[in-house]
């Protein structure tokens, strides 16, 4: 029997399950009992993966996970980084993540950033943003330095460039 998880073209395209008539036999071509069950099971497994399950709350996961995240009231994940750190897409990127940074933040091209990633950063102490292989562009008249209490959003415009939007120390 084929693996039900791979015996489907869904969600890339629709799988058409055969309609079995009252006079069809279980061993008619394309209506073999095990073949029909394999295809139906594959489609059900693909639907479950797409829709998700109650405990799935990952924004990038299933449809249900994204809906549950939206319904959670838009709460942010607050991440405290008390000292200097390198911005990691897996740990720090996301519209729903809020980083309280107590030290310098480095954006390093070795971290595989992608266009559209967002990093929300609030300085809890004087700090600076650095790019290692990443060009950071501050807002007009600003720098990459932040005093305590200043906040910025860093938006990756490519894997190696980012716009820094928000309040920074004046140039």
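Between region 82-104 and region 129-166, the C-alpha centres lie 13 angstrom from each other. Each listed q (0.12, 0.20, 0.24 Å⁻¹) maps to a log10 I(q)/I(0) for region 98-171 from the Debye sum over equal C-alpha point scatterers, namely -0.27, -0.75, -1.07.
With neighbours defined as other Cβ atoms within 10 Å of a residue's Cβ, the residues 137, 13 order from fewest to most as 13, 137. If the segment from residue 31 to residue 135 were pulled out straight at 0.36 nm per residue, it would be longer than the present Cα-Cα gap by 31.5 nm.
Computed on region 77-166, with alpha-carbon pairs under 8 angstrom and 6+ residues apart, the relative contact order is 27 percent.
Throughout, read-outs are computed from the coordinates displayed, never taken from laboratory work. Keep in mind the model is a prediction, meaning the values are calculated, not measured. Cβ atoms come from the backbone with ideal geometry, glycine included; neighbour counts cover every protein chain shown.
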